[in-house]
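Some notes on the structure that comes next.
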Amino acid sequence: MTVAGLFNMLQKSKLVECGPQANFVSTEELIRMIERYYTPGTRLEDKLTDEKFNTFIKSNPMKIPVNREIEEWKARMAAREARIQEIERLKAEADAVPEGEEKPTIDETVPDEEPEMDEEVRR
């Protein structure tokens, strides 16, 4: 029997009805029925245990959006700090220019400092 055949059989027995009528078998129950008979041992429920999920998250921490946001914030703050140091270096070079020569113009625009992420948001 195919999955389409099973679904058709459930519709004919009025366990799964289309349209505005009530469903007697939920989508979750239908998936469990199909998995029970067509994929024993490889059910989605078996694959998504807490232990496997935690192992996956530990090996792929950047899959969590808040971790990506923290890393992006750190990169922005590192770029800001590098820009501040570059401006200070250019100012020191400009101060070393003798009095009679023209001093270079320095662009002193620095990105605004962003506050660190709240502890509640990190969780």
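Less than 18 Å apart at the alpha-carbon level, and either on another chain or at least 8 residues along: which lysines does that give for Lys58?
By straight Cα distance, Lys58 reaches Lys47.
Full extension from Glu28 to Ala94: what is 0.36 nm times the residue separation minus their Cα-Cα distance, to one decimal in nm?
Here the answer is 16.7 nm.
DSSP loop GluC sites (Glu not before Pro) in the stretch 71-119 with at most 16 other Cβ atoms within 10 Å of their Cβ, which ones?
Those satisfying the criteria are Glu99, Glu101, Glu102, Glu108, Glu113, Glu116.
With labels modelled as points extended 7 Å from the Cα through the Cβ direction, what inter-label distance (nm, one decimal) is found for Ile84 paired with Arg36?
So the label points at Ile84 and Arg36 sit 6.3 nm apart.
7 Å from Cα along Cα→Cβ at both Glu69 and Ile106: what's the point-to-point distance in nm?
Between Glu69 and Ile106, the simple spin-label model gives 3.6 nm.
Taken together, the values in this text are just the output of simple stated rules run on the coordinates, not laboratory data. Not measured: the values here are computed from a predicted model. Neighbour counts are summed over all protein chains in view; Cβ atoms, including those assigned to glycine, are modelled from backbone coordinates with ideal geometry.
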